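The values are calculated or read from the model by the stated rules, or taken from the named source; none is laboratory data. Since we're looking at a predicted model, the values are computed, not measured. We place every Cβ from the backbone using ideal geometry, glycine too, and count neighbours over all the protein chains shown. Please note that ligands, DNA and RNA were not included when accessible areas were found on the heavy atoms of the full protein model with its side chains. Shrake-Rupley method; radii C 1.70, N 1.55, O 1.52, S 1.80 Å.
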4 protein chains.
Amino acid sequence: MKKGRMEAFSDGVMAIIITIMVLELTAPEGADPAALRPLIPTFISYALSFIFISIYWNNHHHLLQAVEHVDGRVLWANLHLLFWLSFVPFGTAWMGKNNFASWPVALYGAILLLAAIAYFILSRALIALHGQDSVLATAVGRDFKGKISPVIYAIAIPLAFVSAWLAYGLYVFVAVMWLIPDRRIEKTLAP
Amino acid sequence: MKKGRMEAFSDGVMAIIITIMVLELTAPEGADPAALRPLIPTFISYALSFIFISIYWNNHHHLLQAVEHVDGRVLWANLHLLFWLSFVPFGTAWMGKNNFASWPVALYGAILLLAAIAYFILSRALIALHGQDSVLATAVGRDFKGKISPVIYAIAIPLAFVSAWLAYGLYVFVAVMWLIPDRRIEKTLAP
Amino acid sequence: MKKGRMEAFSDGVMAIIITIMVLELTAPEGADPAALRPLIPTFISYALSFIFISIYWNNHHHLLQAVEHVDGRVLWANLHLLFWLSFVPFGTAWMGKNNFASWPVALYGAILLLAAIAYFILSRALIALHGQDSVLATAVGRDFKGKISPVIYAIAIPLAFVSAWLAYGLYVFVAVMWLIPDRRIEKTLAP
Amino acid sequence: MKKGRMEAFSDGVMAIIITIMVLELTAPEGADPAALRPLIPTFISYALSFIFISIYWNNHHHLLQAVEHVDGRVLWANLHLLFWLSFVPFGTAWMGKNNFASWPVALYGAILLLAAIAYFILSRALIALHGQDSVLATAVGRDFKGKISPVIYAIAIPLAFVSAWLAYGLYVFVAVMWLIPDRRIEKTLAP
């Protein structure tokens, strides 16, 4: 089975997720900067979520580069990832509306945790299909970042009730860690 | 006529349908779990609809794999399917907002029934174009699941007025039945 | 210049237009059929608009089949068409909300007229690029339906102030006329 | 790394941005032309933004034509461009709702300025990857329009507090300047 439509559908869903989030930034009635001030938490929340969805798209792109074919299990593992990513706009909006209160920040972390687990399952399903000796398996390698990210989220979630900004700082830390694109696959694929 | 743009347009519409449904989950003003409680029916409703649209995308993908070309009739049969699928967000929202009352559950079943019939018409239009001896016709085969699904929906719709949860259980049953991707086509296409 | 991205962008915009229209069908709070009754005009309005966007997508698909390359003028003629099509959801909603009053029905006709003119300009820009002896020019041919549609819209718009349903009937007539896909291009391209 | 998915994702995001802007044009309850009058500023605002997103899509299309491959830096430069473009609907809505008051017009200019800088960075990242002697570098050339546009925006932003319509006129001027598609790349690529 070819990977083309799975890429196209994923691109579509991620493009919509990243764009509808901005709809939460409703234009206020007042025409001065004071009218924009209440939107600042929503803006900060949106900016981080834009980066997270971008990271997922980027890594998805890199992962699929090394893929030769897909099967039913991979399609469902991919849809499972898109399911949790589809909650990012909700988590973003709840966090932004409530000015980074503990519960919304914890829920946001839970959505990120579930998406990270789903991405891990997807990459394992792809390796299972291509074999442990495949270019893909070599390229994914030890996958340090993929394994440490859910651990950081799992630590951040309870921390949100101690300090929401500390938890949020940990999310930002994970984002920064991933912002350097996954050069392992690029390196392995290069001649 | 090539199938590429029909696939791309269908991917686009299904990606949008699956993503805009989550907009019904409006972030509440309160920042504690109690504020999320009223959203639980909407969440359950959304999760099932996500799975149904995923199943349609998955089966559409499998069906089109075996297709070599399309014609005007196929394009319209496909648009007819997308028309009914476009009501899934409405049915999902009505059901979620009214906590699975009888009428919304029955309407949801009616939308699923109309989409199932439209999918059946699409597969027949494709077989008519490729011939009864084609790889596609062999791959679709007896199409037991495609024929039993509308029957179950037709039974579930009146049952919604006896017990909405019984009807909903039947929808879940159909979803579970389909979750196993359509291996018939994969098997026939495999060398 | 290749036509691939122009097709992809047009598919994306048309897929979004056709899907966001259904957002006007807001799920009501009441859980019985009476709660759905006020939505009937919006539903009728949506169904016709779905068919119109489907016709445009279908004809766009047929037209681009015979196209070999595009240039800057064609890209802008295409964006001009998408601009007017992007008003179809607004026209649909205004007409549905106001139960087919004269002004909304007239405006809907005006949007259809402007889109039809834009489509005509696009097809001429493509013929100008490919030459009067090209497969495309032969395939488009006399383009009777493309020329009569704007005339019917121009007649329907003032008629909306006599009888909105008469004007609406003329729009339905144009839709039915186009529902038969454009076999001229298929015929000319066939070996 | 191939450019296909970067093009597809960008097409998706730009198609959604251009289409969701029209959702700001909420259909009014009244059924006469007077009910539409308050929407006129929103319409004017939308029309210009439609043209700006179209120009970006068009130039993006032209730029990527000459591109042979992409890397991680290019992917992030592209996501950076999409980030600022995603604020165009917000800027458009704020400007339309407040009838072109100074602050909203200035913010709109700031969004255009940031998007223009992001586009400049993207084109430089692509040239850095392909080399100063590449077809791409020759095609982009001196890039007069790409350099003058941010300068005009930077002048227009403070001018918005003198006369919002003067600033708006400068935005229109930039749009008109770009409406002539970028023939440099077309010319260099032509045999």
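For the range C:35-58, residues that are touching a helix residue (DSSP H, G or I) at 6+ places or on another chain (Cβ under 7 Å) and either acidic (Asp, Glu) or closer than 29 Å to residue C:102 by Cβ (or both) total 13.
Restricting to the range A:105-126, name every residue that is open to solvent by less than 20 Å² (accessible area, probe 1.4 Å) and within 17 Å of residue A:175 (Cβ to Cβ).
Taking the range A:105-126 first, the residues open to solvent by less than 20 Å² (accessible area, probe 1.4 Å) are A:105-106, A:108-109, A:111-112, A:115-116, A:118, A:122-123, A:125-126.
Answer for the range A:105-126, where residues must be open to solvent by less than 20 Å² (accessible area, probe 1.4 Å) and within 17 Å of residue A:175 (Cβ to Cβ): A:105, A:108, A:109, A:111, A:112, A:115, A:116.
Scanning the range A:153-166 for residues that are open to solvent by 10 Å² or more (accessible area, probe 1.4 Å) and more than 22 Å from residue A:83 (Cβ to Cβ) yields A:155, A:158, A:159, A:161, A:162, A:163, A:164, A:165, A:166. Among (1) of a type in the set (Ser, Thr, Tyr); (2) open to solvent by 10 Å² or more (accessible area, probe 1.4 Å); (3) more than 14 Å from chain A (Cβ to nearest Cβ), where does residue D:102 come up short? Just one mismatch for residue D:102, condition (3).
Of all residue pairs spaced 6 or more apart or on separate chains, those with beta-carbon atoms under 6 Å, a first member in the range B:23-37 that is facing another protein chain (nearest Cβ under 8 Å) and under 27 Å from residue A:16 (Cβ atoms) and a second member that is open to solvent by 30 Å² or more (accessible area, probe 1.4 Å) and among the basic types (Lys, Arg) are B:27/A:97. Applying the criterion of being touching a Pro at 6+ places or on another chain (Cβ under 6 Å) and not in a helix (DSSP H, G or I) to the residues of the range B:81-99, the residue that is farthest from the other protein chains (Cβ to nearest Cβ) is B:99. Of the residues examined, residue A:131 is one that is open to solvent by 10 Å² or more (accessible area, probe 1.4 Å) and at pLDDT below 90. Here the helices (runs of 4 or more DSSP H) wholly within the range A:1-75 that include at least 2 residues being open to solvent by less than 10 Å² (accessible area, probe 1.4 Å) and farther than 21 Å from residue A:139 by Cα are A:4-20, A:40-65. Residues being of a type in the set (Phe, Trp, Tyr), within 12 Å of residue D:175 (Cα to Cα) and more than 8 Å from every other protein chain (Cβ to nearest Cβ): count how many of those fall in the range D:38-65. So the count comes out to 2.
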